[in-house]
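> Pasting a structure here, questions to come.
The values are calculated or read from the model by the stated rules, or taken from the named source; none is laboratory data. Here the structure is a predicted model, which means the values were calculated and not measured. Cβ coordinates were reconstructed from backbone atoms using ideal geometry, including for glycine residues, and neighbour counts include every protein chain displayed.
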């Protein structure tokens with residue numbers, strides 16, 4: 001009889017400090033495989049595996065594409081790659097970002113749920129925004145078990161709080177210090193019955209696995225007048241339980257919260273470009289004013305000075321908006 005032998009863990013802000021506390025509680029002979037996504041910079045040196053190895057009795061290593069799944073081992077998603085699970089083992093792919101992240105938590109959780117169903121234990125730890133909420137819900141929909149860090153115990157409460165709000169009912173809500181004992185208890189118990197994998201989960205797993213564009217016929221939800229911050233393509237809006245989500249035809253995916261955050265970053269980038277352009281225009285007008293002054297063109301000087309004053313006023317407003325200073 002199948003046991004709960006596939007453990008998927010997602011963490012973001014505060015995870016580097018939290019993950020060692022969790023792994024330190026697990027024995028070297030844990031009869032399960034552990035898969036971890038920690039949000040990291042795309043060009044990160046991959047030092048997290050070394051940090052976790054010092055805390056964990058099981059070997060911890062960066063996942064490799066095509067690697068076999070072994071029990072009593074911890075697999076860590078490499079920087080700038082999604083980690084997925086399929087019938088042949090571990091997949092490491094450079095697929096579209098989800099929630100502006102790669103690696104992202106949702107693709108791992110969905111692929112684990114689709115492949116292993118009730119054998120999966122999904123765990124959401126500290127982090128900002130809500131990556132992992134959709135994936136944890138997928139685990140639950142495929143009859144897996146779900147654990148969420150008590151928000152008051154988390155370095156950053158966003159991910160645990162959002163998971164509790166949208167992936168309900170969560171099976172366990174507890175502090176990290178209590179998770180090790182619960183995990184060891186759960187992996188010894190028989191898994192539940194396998195249920196049919198919902199079609200939307202199957203579709204999203206296929207999207208994460210491939211790099212080809214998704215046809216309009218495959219998209220679910222409704223087209224919205226919002227562009228994808230990552231590629232500029234059109235977005236489709238669809239509901240995922242209590243989650244409001246968006247996806248473009250090449251596969252970039254966002255929750256409403258992560259889309260709002262991505263739009264805010266795009267607006268800030270645009271404002272910095274605008275600020276630079278205005279400052280350059282002020283510099284050019286200043287040089288033109290000096291040239292007109294030398295030639296004795298007083299009316300031109302007045303016109304240039306008036307334009308420069310308007311631009312400087314706009315420049316200061318944008319600078320104040322960007323720096324938060326009035």
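> With the requirement that a residue be part of a loop (DSSP other than H, G, I, E, B), surrounded by 17 or more Cβ atoms within 10 Å (Cβ to Cβ) and at pLDDT below 95, what does segment 148-181 give you?
167
> Could you tell me whether residue 100 is under 14 Å from the mean Cα position of the chain (by Cα) and under 19 Å from residue 208 (Cα atoms)?
On the way: under 14 Å from the mean Cα position of the chain (by Cα): yes; under 19 Å from residue 208 (Cα atoms): yes.
Yes: the conditions hold for residue 100.
> So if I check each of 219, 288, which one is at pLDDT 95 or above and outside the structural domain of residue 138 (by TED's automatic domain parsing)? If you could, list the steps in order and put the result at the bottom.
Details: 219 fails: at pLDDT 95 or above.
Matching residue, one of 219, 288: 288.
> Would a scan of segment 67-75 turn up a residue that is under 22 Å from residue 127 (Cβ atoms), surrounded by 19 or more Cβ atoms within 10 Å (Cβ to Cβ) and out of contact with any strand residue (DSSP E or B) (no Cβ under 6 Å at 6 or more places or on another chain)?
As a first pass, look at segment 67-75 and keep what is under 22 Å from residue 127 (Cβ atoms): 74-75.
Filter again for surrounded by 19 or more Cβ atoms within 10 Å (Cβ to Cβ), leaving 74-75.
Narrowing the set further to residues that are out of contact with any strand residue (DSSP E or B) (no Cβ under 6 Å at 6 or more places or on another chain) leaves none.
No, segment 67-75 contains no residue that is under 22 Å from residue 127 (Cβ atoms), surrounded by 19 or more Cβ atoms within 10 Å (Cβ to Cβ) and out of contact with any strand residue (DSSP E or B) (no Cβ under 6 Å at 6 or more places or on another chain).
> Testing residue 53 on (1) exposed (fewer than 15 other Cβ atoms within 10 Å of the Cβ); (2) assigned by TED's automatic domain parsing to the domain that holds residue 106; (3) over 22 Å from the mean Cα position of the chain (by Cα), one condition comes back false. Which one is that?
(1)
> Quickly run through segment 182-194 and pick out the residues that are assigned to a helix (DSSP H, G or I) and loosely packed, with under 13 Cβ neighbours inside 10 Å.
Kept after step one, since they are assigned to a helix (DSSP H, G or I), are these residues of segment 182-194: 182-187.
Result: 185, single match.
> Got a number for residues in segment 106-147 being in a loop (DSSP other than H, G, I, E, B) and surrounded by 24 or more Cβ atoms within 10 Å (Cβ to Cβ)?
Residues meeting the conditions: 8.
Results for (1) at pLDDT 95 or above; (2) part of a helix (DSSP H, G or I); (3) not assigned by TED's automatic domain parsing to the domain that holds residue 110, shown as yes or no for each residue.
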residue: 223; (1), (2), (3): no, no, yes
residue: 239; (1), (2), (3): no, no, yes
residue: 250; (1), (2), (3): no, no, yes
residue: 264; (1), (2), (3): no, yes, yes
residue: 267; (1), (2), (3): no, yes, yes
residue: 274; (1), (2), (3): yes, yes, yes
residue: 280; (1), (2), (3): yes, yes, yes
residue: 296; (1), (2), (3): no, no, yes
